[in-house]
1. Taking a ≥ b ≥ c as the square roots of the Cα gyration tensor eigenvalues, with a/c under 1.5 meaning rounded and otherwise prolate when a/b beats b/c, else oblate, which class fits region 101-226?
2. Considering only P87, A201, I77, whose Cα is most displaced toward the positive end of the charge dipole of the chain, charges sitting on Cβ of Lys, Arg (+1) and Asp, Glu (-1)?
3. Considering every Cα-Cα pair within region 1-124, what fraction, in whole percent, is farther apart than 19 Å?
4. R0 = 51 Å: FRET efficiency of K12 with T104, Cβ-based, nearest 0.05?
5. With r as the distance between the Cβ atoms of Y68 and D255 and R0 = 56 Å, compute the FRET efficiency 1/(1 + (r/R0)^6) and round to 0.05.
6. Nearest 10 degrees is fine. How inclined is helix 226-237 to the longest principal axis of the chain, computing both from alpha carbons?
7. Please compute one quarter of the surface area of the Cα convex hull for region 176-309 and express it in square nanometres.
8. Based on DSSP H runs of at least 4 residues, each adding -39500 (n - 2.57), what is the mean residue ellipticity at 222 nm of the chain after dividing by all its residues, to the nearest 500 deg cm²/dmol?
Amino acid sequence: MAKTYTRDEVAKHNTEDSVWFIVDSKVYDVSEFLDAHPGGEAVLRQVAGQDATVAFYNLHRHEVLVKYDEDLCVGTIEGEKPSVVTPQPGDLSNVPYAEPLWLTPAYKSPYYNESHRRLQRAARIFNDKYVTPEAQAREQDGKYISQELVERLSKAGVLHMRLGPGKHLHGVNLLDGAVKGEEFDYFHDLIMGQESARTNARGFQDGQLAGMVIGLPCIMNYMKDQQRKKAIMDEVFSGKKYMCLAITEAFAGSDVAGLRTTATKTSDGKHYIVNGTKKWITNGVFSDYFVTGVKTDKGLSVLIIERGEGVETKAIKTSYSPTAGTAYVTFDNVKVPVENLLGEENKGIYVILSNFNHERWTMACTYFIKYLALYERWHG
Ligand code: HEM
């Protein structure tokens, strides 16, 4: 890459065996790439020896060039410098309106302090480096999030932060100390939601343990056995176990009054026997715990059900990527200890609703930024 050439030298590489061209003052030798080029060999031969900057950028995103740079770029044009700047992890976009207003230099906001700025930067770097590449790959191949990334998210405290402000953050190292867990507020939460949406991968964003985000609050707020609650939170926050919220059904959709999954107490009062199905359960395919809405004798209740005998999941196709692990779940005579009841029997509506405040807030934060991120892609 350190080598320099004149434009005349490049022009000579216009033969059967040697095809070079220039893109943004960098020189590319594509002689060995002709067969592999997704757009075909002929188009590359047509620009052999020439400056192909306009042709290239008319048809490709800059990232394509970055990806192939190491293999194909052989040098630069003498006395010239590339004018397209490759974004580095953590960079803010220069495209007008592609960032939230408070990140534009001229804007002064009373709501954001230094810890918000530190967190924003740390989250942007973390996502650019680790999350976006995997998000894009999983969106393409439809596979589920890797255990490696889950553990990274856990170690960085990102999984914890996805549950919003609260005691669960106290003493947790959040993105290398960008903010103290005790100081984490709803603006930090807003930042985390917005930054994660910039991966531009809607299915993966749910695949990135959204089931935990909507399931775990029910445990945190309503599990009576404190020791068990802590154990489950530890398992889930460390990425050793996965969790989902199983409420919606084929018959009822999200109309909880119409649920048909039943939980009947055994005569000794020690267990519930659960029968029924759940549909559109995000992360259900790979979950170990199902926070499940069931019909008990006088109303709606919520149980935590572990994957085991009688629990089966299968992937269902949705309009977005399979990487979200959306499942059809069947419970067939599943024996669940009564201690797994969350909150009070027949008062499950409070358990379910306890999750909504944060869930809806998170969605509002991330959906807005998704449009900014898309805007940047169109205009960047
Ligand atoms: C180092 C230079 C180049 C690389 C690494 C490259 C790589 C690629 C890749 C990966 C694609 C698939 C689509 C995408 O991911 O964007 C593609 C498509 C294409 N490329 Fe290139 N390309 C290069 C140069 C060029 C040039 C100079 C031209 C035209 C003169 C060209 C014409 C095309 C066309 C026509 C397509 C198909 C676009 C479509 O599907 O609409 N490529 N190229």
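1. Numbers: a/c = 1.85, a/b = 1.08, b/c = 1.72.
Oblate is the answer for region 101-226, as a/c is 1.5 or above yet b/c matches or exceeds a/b.
2. A201
3. Numbers: 4310 of 7626 pairs.
The calculated P(r) of region 1-124 puts 57 percent of pairs beyond 19 Å.
4. Working: r = 47 Å, r/R0 = 0.93.
That gives a FRET efficiency of 0.60.
5. Values: r = 51 Å, r/R0 = 0.92.
Once the sixth-power term is evaluated, E becomes 0.65.
6. Value to nearest ten degrees: 20.
7. Values: hull surface 41.7 nm².
For region 176-309, the mean projected area of the Cα convex hull comes to 10.4 nm².
8. Working: 13 runs with 140 residues, N = 380.
My calculation for the chain gives -11000 deg cm²/dmol from helical runs alone.
FYI, it's all coordinate maths here, none of it is from the lab. A quick note: this is a predicted structure, and the numbers were derived from the prediction, not measured. Backbone-built Cβ (ideal geometry, glycine too); neighbour counts: all protein chains shown.
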